[in-house]
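Notes follow once the structure below has been shown.
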Amino acid sequence: MKNIQWFPGHMTAAMRMMEQNTALVDGVVFVLDARCPAASFNPKLKKMAGAKPVLYVMNKCDLADERADVLLKRIKDSGVNIIKINSLNSGSRRDILGAIEKIVAEKRERALNKGQTKVFRYMISGVPNTGKSTLINLLAGSRRADTGDKAGVTRGKQWIRTEGFELLDTPGTMPPAFENQKLALRLAYVGSINDDILDIDDIALALLRELSEKYPSRLAERYGISQGTPLDMLETVCKRRGFMLRGGEYDYERGERAVIDDLRKGKLGRITFDRIEDLENLRF
Ligand SMILES: Nc1nc2c(ncn2[C@@H]2O[C@H](COP(=O)(O)OP(=O)(O)O)[C@@H](O)[C@H]2O)c(=O)[nH]1
Ligand SMILES: [Mg+2]
């Protein structure tokens, strides 16, 4: 299997932009994907935050199951600020506002005592497609930041003002190399790596293998898959969906896209890929 490597030029520029903006902010919000918080954690970005207060947000919690809560608890118990939210649900607005306010509460109090009303600035950061722009829209109460279900929708720099805060949306960035290919694959499944650079065969087959280990009943329910190699499973998907080419050959690519699409749209149910052991060696 080809190793996943991705660091296009605009990402290098984005890293530089974030480095410069870190100096301007009071805190950094790192948006993670609740289905794979270890995979979507970026040590480079963390390092860039330096001594600034950090809040981790496990977003898309509606797509993850209770295993994500186990991960959240483990990270929280290590003394880290972390919450889970669903950015598409207005009920999460209060949670995130409360969490970012808590981080600057003392500073705000001190400013108020001096008769100043301060606007606190946060940089919203994280790998692509974790929902940074959607989170900003939730906070701003309108569609202000561009969103999209693929990597790389947000390009430039945007400050957005809301309720005593200014939020800086940023394009997603990735580490230049993935030390852990297992985690890199999970980012690919959930759409945090631009599909153009991916080998869809590798991703879909790895996804089928991982699902058959972790959520076999979902594969049985949706595709009638009982067992077999990843390729056997893919053929079952093709048969079930009628993805056949002339001459009775399997249309593998359509089958692959269907499985990936189903996962991304939540049609395979709530899924969490990461496990406690994936958090080892990560310093949130
Ligand atoms: N189910 C679900 N989808 C979400 C959530 N937050 C964002 N999304 C979707 O994820 C995709 C990427 O969101 P976007 O905000 O553009 O991500 P960004 O690249 O981090 O800015 C969009 O299709 C959003 O509608 C969430 O909490 N739950
Ligand atoms: Mg964005």
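Each value in this text was obtained by applying a stated rule to the coordinates, not by laboratory testing. The model shown is predicted, which means the values in this text are computed figures rather than measured ones. Glycine gets a Cβ as well: all are built from the backbone with ideal geometry, and neighbour counts include every protein chain shown.
Descriptive notes on the structure:
- Estimated from the Cβ-Cβ distance and a Förster radius of 22 angstrom, the FRET efficiency linking residue 78 and residue 105 is about 0.50.
- Extension gain for residue 282-residue 65 works out to 76.0 nm (0.36 nm per residue, less the C-alpha to C-alpha distance).
- Between residue 23 and residue 253, full extension at 0.36 nm per residue minus the direct alpha carbon distance yields a gain of 78.2 nm.
- With both labels modelled 7 Å from their Cα along Cα-to-Cβ, the residue 202 to residue 229 distance reads 1.9 nm.
- Three-way shape call for region 32-92 based on the alpha-carbon gyration tensor, with the a/c threshold at 1.5: prolate
- Filter on 44/182; 44/265; 52/107 - keep pairs with C-alpha separation over 21 Å: 44/265
- Note: relative contact order over the chain, using C-alpha pairs below 8 Å and six or more positions apart, is 22 percent.
- FRET efficiency estimate (nearest 0.05) - Cβ-Cβ, residue 114 to residue 265, R0 51 angstrom: 0.50
- Prolate/oblate/rounded call for the chain, Cα gyration tensor, a/c under 1.5 rounded: prolate
- Principal axis extents of the Cα atoms in region 174-254, from largest to smallest and rounded to whole angstrom, are 42, 29, 17.
- Put in order of Cβ neighbour count within 10 Å, fewest first, the listed residues 31, 190 become 190, 31.
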